[in-house]
Ligand SMILES: C[S@@+](CC[C@H](N)C(=O)[O-])C[C@H]1O[C@@H](n2cnc3c(N)ncnc32)[C@H](O)[C@@H]1O
């Protein structure tokens, strides 16, 4: 096995986690190779910037961040009542705005991100997590079954079908036996924007909960909840949280109850999500 991969034994020593592949990569060259189009690099790939990560600003941004962090925190509280979370990660961690929530519940947290400038920013903003640049979300530098918790937050919806298949296999590979996967993605199949047939370009592809359940068919889909964003958003729906678990095969191992997250007015709740605490 390569020495520069995430191993569960790394948890005993921070210095070993610092040795994982890419950790020491120089970041001061981030952005080198941009062409005269600021959203493309020299390979003509779409480059993600902060304005693309969240599509609203100011009060709407503040409210959305509050509500999203609160809901992810509720899921993590629910899971961590059930399982000790030694190592957690976010795949496609952007500049770390959601990764920060994981640090409260997981003993060690890694954010994997392709954009090096985001890695640079998130290392400064969220010093309690480790952030690693990766070339492809389908090749995470980790040994198998390393992570007790994996988050993707509005990332899979930006992948074309081919890449999504590979990334889902990779997530299944790195997720620990009895580990949890939380994804929050656009689930309205009518939503298709950008250039879904061009792997170098930006796209958003809505896929139904059923599609995600089939994609992660080796995992158990435990529950779904609507994604809540700012109350003054014109959008009718903004996607769905889907919580999966890599089963141990024993029925008694399944967590019961639901995370206490607030319902969205007018949005049909999943049967598993009816016991909400209204805040
Ligand atoms: C909408 S942002 C979400 C970032 C973070 N999860 C959050 O919620 O703040 C989408 C993220 O996915 C990454 N991403 C999108 N398409 C990608 C691709 N084809 N390969 C690798 N990363 C990709 C972007 O770099 C960006 O960090």
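Laid out as a table, the results:
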| item | result |
| --- | --- |
| Residue tally, condition near the ligand (Cβ under 10 Å from one of its atoms), in contact with a strand residue (DSSP E or B) (Cβ under 8 Å, 6 or more places away or on another chain) and in a loop (DSSP other than H, G, I, E, B), over the stretch 91-113 | 5 |
| Filter result (under 21 Å from residue 195 (Cα atoms) and touching a helix residue (DSSP H, G or I) at 6+ places or on another chain (Cβ under 7 Å)) within the stretch 140-166 | 156, 159, 164 |
| Qualifying positions in the stretch 219-237 - surrounded by 13 or more Cβ atoms within 10 Å (Cβ to Cβ), outside any strand (DSSP E or B) and more than 16 Å from the ligand (Cβ to nearest atom) | 219, 237 |
| Tabulated pairs, the stretch 90-107, first without any contact (Cβ under 8 Å) to a residue 24 or more places away in the chain, second part of a loop (DSSP other than H, G, I, E, B) and within 6 Å of the ligand (Cβ to nearest atom), C-beta under 6 angstrom, 6+ apart or interchain | none |
| Neighbours by Cβ (under 6 Å, 6+ apart or cross-chain): first from the stretch 171-190, within 14 Å of the ligand (Cβ to nearest atom); second in a helix (DSSP H, G or I) | 182/75; 185/156; 185/157; 186/157 |
| Residues (surrounded by 22 or more Cβ atoms within 10 Å (Cβ to Cβ) and within 8 Å of the ligand (Cβ to nearest atom)) located in the stretch 138-154 | 151, 152, 153 |
| Residue match in the stretch 120-137 (condition: away from the ligand (no atom under 14 Å from the Cβ), closer than 20 Å to residue 74 by Cα and touching a residue at least 60 places away in the same chain (Cβ under 8 Å)) | no |
| Residue 168 within 15 Å of the ligand (Cβ to nearest atom) and either in a loop (DSSP other than H, G, I, E, B) or over 22 Å from residue 218 (Cα atoms) (or both) | no |
| Qualifying residue in the stretch 66-73 (condition: surrounded by fewer than 20 Cβ atoms within 10 Å (Cβ to Cβ), within 11 Å of the ligand (Cβ to nearest atom) and either more than 25 Å from residue 48 (Cβ to Cβ) or modelled with pLDDT of 95 or more (or both)) | yes |
| The stretch 71-80: number of residues that are in contact (Cβ under 8 Å) with a residue 40 or more places away in the chain and more than 15 Å from the chain's Cα centre (by Cα) | 4 |
| Filtered residue count, the stretch 201-236, keeping only those that are under 17 Å from residue 155 (Cα atoms) and modelled with pLDDT under 95 | 0 |
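The values are calculated or read from the model by the stated rules, or taken from the named source; none is laboratory data. Only a predicted model underlies this, so the values are computations on that prediction, with no experimental measurement involved. Ideal geometry is used to build each Cβ from the backbone, glycine not excepted, and the neighbour counts take in all protein chains shown.
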